[in-house]
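Data block below; observations after.
The values are calculated or read from the model by the stated rules, or taken from the named source; none is laboratory data. Just so we're clear, the structure is a prediction, and the values are computed from it rather than from any experiment. Note: ideal-geometry Cβ built from the backbone for every residue, glycine included; neighbour counts use all protein chains shown.
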Amino acid sequence: MQKRLHLVLLAALSLNAASRADQAVAPVLQPFVEQQILAGAVTLVADKDKVLDVTTVGYADVAAQDAMSADDLFWIASMSKPITGAAFMILVDEGKVSVDDPVEKYLPEFKGQMVAEKGGTKEKPTTGAPHAPNHPILIRNVLSHTSGLPFKSPMEQPTLDQQPLAARVSSYAKLQLEFEPDTKYQYSNAGINTAGRIIEVVSGMSFEDFLQKRLLEPCGMKDTTFWPDEAQLKRIAKAYKASKDKSGIEETHVAQLRYPLNDHAHRFPMPAGGLFSTAADCAKFCQMLLHGGTLNGKRILSEEAVKQMTSKQTAPGVENSYGFGFATGGGTFGHGGAYSTNMTADPKSGLITVFMVQNAGWRSDEGKKIDGMFREAALKLFAK
């Protein structure tokens with residue numbers, strides 16, 4: 001089963017465009033629903049000015065046979081990273097912070113942090129004994145996963161959101177760096193969370209309040225939140241994983257988050273991966289970036305900030321291409337999330353693609369191809 005919702009608030013899609021999408025986007029996705037690889041999906045294609053297509057297939061709740069809706073919410077996980085990166089660059093634009101500043105300038109607990117690198121080369125082996133880094137970790141390091149910080153700290157158990165942001169970041173400062181800053185790329189929630197904490201220190205606001213007032217509201221992202229309200233909770237698509245015998249899928253929950261999701265007392269913002277959002281909201285964020293930092297006549301970021309954060313910022317000797325919160329390379333920028341969501345902006349074609357699902361790992365290699373197949377179909381349909 002599939003349905004298409006054309007949101008009035010997003011754009012009025014022409015009958016011709018809808019017909020073309022029915023012939024290309026939906027048929028690419030529907031077989032995966034029928035094969036029980038995918039529960040359901042919302043896909044969106046936009047350019048910098050308007051939404052070109054919104055397609056839904058499958059179910060938000062398989063057991064209830066509740067069809068997926070275009071305005072359903074999803075845990076976007078690490079798609080939060082570029083949103084945090086954009087929030088940080090607002091302060092850079094205002095001259096309140098520089099990406100070349102040491103983290104310890106704003107968070108003194110990081111002073112004296114040591115490197116505990118093991119290995120080295122045959123000519124220059126290392127003993128693993130802690131030693132001072134060549135330079136303290138810089139803000140650009142935590143934003144680009146080149147700081148040497150681990151993915152998380154031991155205190156972030158059993159979920160990633162159960163401690164206040166300040167406490168989590170303080171725990172990172174007590175850890176030894178795993179390598180010299182700028183020498184390697186290592187994906188690190190700890191790094192992006194540290195950038196979020198610096199936003200708090202510099203702005204004098206909580207991270208969630210700064211994000212809401214300075215980025216989400218100006219972009220019109222009304223359904224992007226760390227704490228879904230009662231109405232939004234009813235619109236969250238359920239998460240699925242492979243069944244034990246790998247014959248189909250079964251319902252699961254987001255293991256990285258504490259429940260109930262609207263609990264403000266025991267759940268705390270996670271800049272690296274805590275947001276819920278919709279396809280429409282993610283498209284607005286990408287449209288702002290393709291417009292060089294403006295949306296609906298509002299200047300949110302400078303063109304220079306957008307260019308910097310969406311281009312390679314990892315050191316020349318580091319192969320991985322990553323900006324400030326953004327995966328970059330191949331002429332595109334964007335990010336994926338742990339439960340298989342993705343948003344990608346392609347300045348060359350002028351297209352934005354948003355892929356919203358809640359899959360905790362695919363049960364077959366075929367599942368890993370779905371997003372790419374959707375993007376290929378979108379490019380064929382709408383690229384000029």
Practice task
Determine whether segment 250-257 contains at least one residue that is of a type in the set (Ser, Thr, Tyr) and either in contact with a Cys (Cβ under 8 Å, 6 or more places away or on another chain) or assigned to a loop (DSSP other than H, G, I, E, B) (or both).
Solution key: no
Filtering segment 212-271 down to residues that are small (Gly, Ala, Ser) and over 19 Å from the mean Cα position of the chain (by Cα) yields Ala231, Ala242, Ser243, Ser247, Gly248, Ala265
Check whether at least one residue in segment 231-238 is modelled with pLDDT of 95 or more and over 30 Å from Gln35 (Cα atoms), and report yes or no.
yes
Expected single match for crowded, with 17+ Cβ neighbours inside 10 Å and at positive phi among Gly204, Gly148 is Gly148
Of the residues in segment 170-184 that are farther than 18 Å from Arg197 by Cα and out of contact with any helix residue (DSSP H, G or I) (no Cβ under 7 Å at 6 or more places or on another chain), the one that is surrounded by the most Cβ atoms within 10 Å (Cβ to Cβ) is Leu177
Among the residues of segment 274-281, are any in a helix (DSSP H, G or I), touching a Ser or Thr at 6+ places or on another chain (Cβ under 9 Å) and either among the acidic types (Asp, Glu) or crowded, with 18+ Cβ neighbours inside 10 Å (or both)? yes
query: Out of all the residues in segment 330-347, is one or more of a type in the set (Gly, Ala, Ser), closer than 18 Å to Pro82 by Cα, in contact with a Lys or Arg (Cβ under 6 Å, 6 or more places away or on another chain) and in a loop (DSSP other than H, G, I, E, B)?
result: yes
Of the residues in segment 296-326, those that are surrounded by fewer than 20 Cβ atoms within 10 Å (Cβ to Cβ) and among the aliphatic types (A, V, I, L, M) come to Ala315, Val318
Exactly one of Leu290, Leu275, Leu295, Leu301 is among the hydrophobic types (A, V, I, L, M, F, W, C) and farther than 27 Å from Asp72 by Cβ, and that residue is Leu301
Handout entry: Verdict on Gln287 being more than 20 Å from His335 (Cβ to Cβ) and at pLDDT 95 or above
Key = no
Pairing a residue in segment 200-228 that is of a type in the set (Phe, Trp, Tyr) with any residue that is surrounded by fewer than 18 Cβ atoms within 10 Å (Cβ to Cβ), where Cβ atoms lie under 6 Å and the two sit 6 or more apart in sequence or on different chains, gives Trp227/Asn262; Trp227/His264
Screening Lys244, Lys312, Lys284 for residues that are without any contact (Cβ under 8 Å) to a residue 12 or more places away in the chain and not β-branched (Val, Ile, Thr) leaves only Lys244
Checked segment 22-42 for anything in contact (Cβ under 8 Å) with a residue 40 or more places away in the chain, surrounded by fewer than 23 Cβ atoms within 10 Å (Cβ to Cβ) and β-branched (Val, Ile, Thr); matches are Val28, Ile37
If you go through Lys348, Lys369, Lys380, the only one that is in contact (Cβ under 8 Å) with a residue 24 or more places away in the chain, surrounded by fewer than 23 Cβ atoms within 10 Å (Cβ to Cβ) and of a type in the set (Lys, Arg) is Lys380
Subset of segment 209-251, residues surrounded by fewer than 18 Cβ atoms within 10 Å (Cβ to Cβ) and touching a Leu at 6+ places or on another chain (Cβ under 6 Å), comes to Arg235
- Message: Tell me yes or no: at least one residue of segment 118-132 is touching a Gly at 6+ places or on another chain (Cβ under 7 Å), at pLDDT below 95 and not charged (D, E, K, R).
- Response: yes
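So that you can scan it fast, the table gives a plain yes or no per residue for (1) at pLDDT below 95; (2) part of a helix (DSSP H, G or I); (3) of a type in the set (Val, Ile, Thr); (4) out of contact with any strand residue (DSSP E or B) (no Cβ under 6 Å at 6 or more places or on another chain):
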| residue | (1), (2), (3), (4) |
| --- | --- |
| Leu149 | no, no, no, yes |
| Glu156 | no, no, no, yes |
| Arg168 | no, yes, no, yes |
| Thr183 | no, no, yes, yes |
| Gln186 | no, no, no, yes |
